[in-house]
Amino acid sequence: METLPLSKLIEKSLVEAYSYQEYKNLVSELLAQNESTAKIQTPILTEYSKLNERRMKRWDKTLKLSSDQIKKIENYSEEVYWLVISEGWCGDAAHALPVLNKLAELNDNIDLKIVLQDSHDELMNQFLTNGGKSIPKLIIYKPETKTVIGNWGPRPSTATKMVEAYKKEYGTITPEFKEELQRWYNKDKGQTIVKDIIALLEK
């Protein structure tokens with residue numbers, strides 16, 4: 001099959017993409033059938049999805065932004081899509097998406113859209129992290145020039161350093177480390193993601 005140019009691939013994905021609310025509705029509808037967004041259903045992915053749905057609802061209600069952060073997002077003048085590759089079972093995505101949505105809601109120039117990794121493998125392959133299909137992945141696309149002007153993910157900068165350091169020392173991620181990472185997310189309250197995104201927009 002012929003590979004589409006990146007701009008065509010992104011624009012095709014945007015047509016098929018969900019809004020944030022549509023994405024949340026999809027996850028909820030699948031969970032009502034005891035299923036996840038995954039192509040291959042497993043009980044563990046469904047359990048992850050249930051946990052992540054609760055996380056997203058919590059972050060939607062509790063995320064706080066400073067007046068300075070709000071001003072910086074409101075002042076962003078480029079018309080862009082924030083296209084996020086995600087899955088309902090992904091813990092990192094459950095922490096990131098509510099933050100990205102809260103930021104996008106502050107500025108009409110930013111249109112947040114979400115696609116599922118399993119359904120968009122070709123797009124995912126264009127945005128690998130260290131050769132791996134790690135999500136969530138945010139692609140900042142400027143339709144006027146048909147160019148990608150930035151990308152972010154799969155984790156906040158501090159969490160990325162934590163993961164890299166742990167892998168270097170122990171070779172792999174353990175359940176104990178995943179709990180430690182979860183505690184970090186809860187303590188950070190989305191602030192590192194906000195700082196990362198603002199820094200990306202200011203480049």
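Nothing in this text is a laboratory measurement; each read-out follows from the coordinates by a stated rule. Not measured: the values here are computed from a predicted model. Glycine gets a Cβ as well: all are built from the backbone with ideal geometry, and neighbour counts include every protein chain shown.
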Item to check | Charge dipole (the chain, unit charges on Cβ, about Cα centre) - positive-most of Met162, Thr46, Leu97 | outcome: Met162
Next on the checklist: At a threshold of 8 angstrom on Cα-Cα distance, excluding pairs fewer than six apart, so keeping six or more, what relative contact order does the chain reach in percent?
Outcome noted: 23
Checklist outcome for this item: Links exceeding 18 Å between C-alpha atoms in this model, out of Lys102/Lys133; Lys57/Lys102; Lys61/Lys187; Lys57/Lys195; Lys71/Lys142; Lys50/Lys161, come to Lys102/Lys133; Lys57/Lys195; Lys71/Lys142; Lys50/Lys161
Checklist outcome for this item: Per its Cα gyration tensor (rounded if a/c is under 1.5, else prolate when a/b beats b/c, else oblate), the range 79-203 is best filed as prolate
Checklist entry - Ranked by Cβ crowding within 10 angstrom, fewest neighbours first, how are Thr160, Thr46, Thr172 ordered? => result Thr172, Thr160, Thr46
Checklist entry - Roughly speaking, what is the stretch gain from Asn75 to Glu35, that is 0.36 nm per residue apart minus the C-alpha to C-alpha distance, in nm to one decimal? => result 10.4 nm
Checklist entry - By what distance, in whole Å, do the Cα atoms of the range 96-139 stretch along each of the three principal axes, largest value first? => result 33, 18, 15
Checklist entry - Could you give the dipole magnitude of the chain about its Cα centre, charging the beta-carbon of Lys and Arg +1 and that of Asp and Glu -1, in debye to the nearest 20? => result 640
Checklist entry - Under a plain spin-label model, where a point goes 7 Å from the Cα along Cα-to-Cβ, how far apart in nm are Glu122 and Thr42? => result 2.8
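Find the percent of Cα-Cα distances in the range 6-155 that exceed 21 Å, and round it to a whole number.
Numbers: 4844 of 11175 pairs.
Summing the P(r) tail past 21 Å for the range 6-155 gives 43 percent.
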Next on the checklist: Once you order the gyration tensor axes a ≥ b ≥ c over the Cα atoms, which shape class does the range 149-203 get: rounded for a/c under 1.5, otherwise prolate or oblate by comparing a/b with b/c?
Outcome noted: oblate
